[in-house]
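A short worksheet on the structure shown next.
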Amino acid sequence: VTATRRESYVPICAARDLPPGGRRIVSVPGVGSVGVFNVRGAYYALKNRCPHQGAPLCEGMVTGTTAVRHVPQRMPEADWVREGEIIRCPWHAWEFDILTGRALCGAPWRVATYDVEVAPSDDPPPFVETYPVVEGDGMLRLVLSR
Ligand code: FES
């Protein structure tokens with residue numbers, strides 16, 4: 001028996017309306033609030049609920065983080081890395097990797113992630129009655145698998 005993977009799509013916005021460094025928070029039926037991010041031209045989506053105590057995680061600061069670099073015969077040094085790839089929870093400042101949803105603290109905590117794709121411009125979402133689709137201007141959509 002082969003399991004069939006079904007996908008559904010939730011329109012977000014025109015790709016041009018979510019430039020690099022941008023974020024958009026959308027309400028997705030059956031899922032809830034989701035934050036969609038453009039990190040240097042790649043799109044990522046996270047559930048807008050912190051796994052710690054439920055804060056609206058995706059409303060937090062998009063930032064980078066520090067990485068310790070060990071230098072022989074010297075004190076370790078800290079480098080600022082991954083600018084724009086980290087989201088900091090607005091309630092208690094826990095940091096999460098936007099690319100994977102994983103907490104940076106080393107604990108096995110993770111926020112749910114979703115796929116985002118640019119839909120073909122000739123493939124408008126079927127349940128949006130009117131939506132401007134311009135030739136060559138892709139629409140972002142969330143891909144939900146069941
Ligand atoms: S609710 Fe996000 S860190 Fe506490």
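The values are calculated or read from the model by the stated rules, or taken from the named source; none is laboratory data. A quick note: this is a predicted structure, and the numbers were derived from the prediction, not measured. Please note: Cβ atoms are built from the backbone with ideal geometry, for glycine as well, and neighbour counts cover all protein chains shown. Quick note on the areas: whole protein, heavy atoms, side chains included, nothing else; ligands and nucleic acids left out. Shrake-Rupley method; radii C 1.70, N 1.55, O 1.52, S 1.80 Å.
Annotations for the structure displayed:
- Taking all protein chains together and a 1.4 Å probe, the residues 75, 139 rank 75, 139 from largest to smallest accessible area.
- When peptides 26-34, 94-102 are sorted by average Cβ neighbour count within 10 Å, with the highest value leading, the order is 94-102, 26-34.
- Separation between Cα centres of region 73-122 and region 26-60, rounded to whole Å: 12
- Computed over region 5-107, Kirkwood Rh from alpha-carbon pairs, angstrom: 15.0
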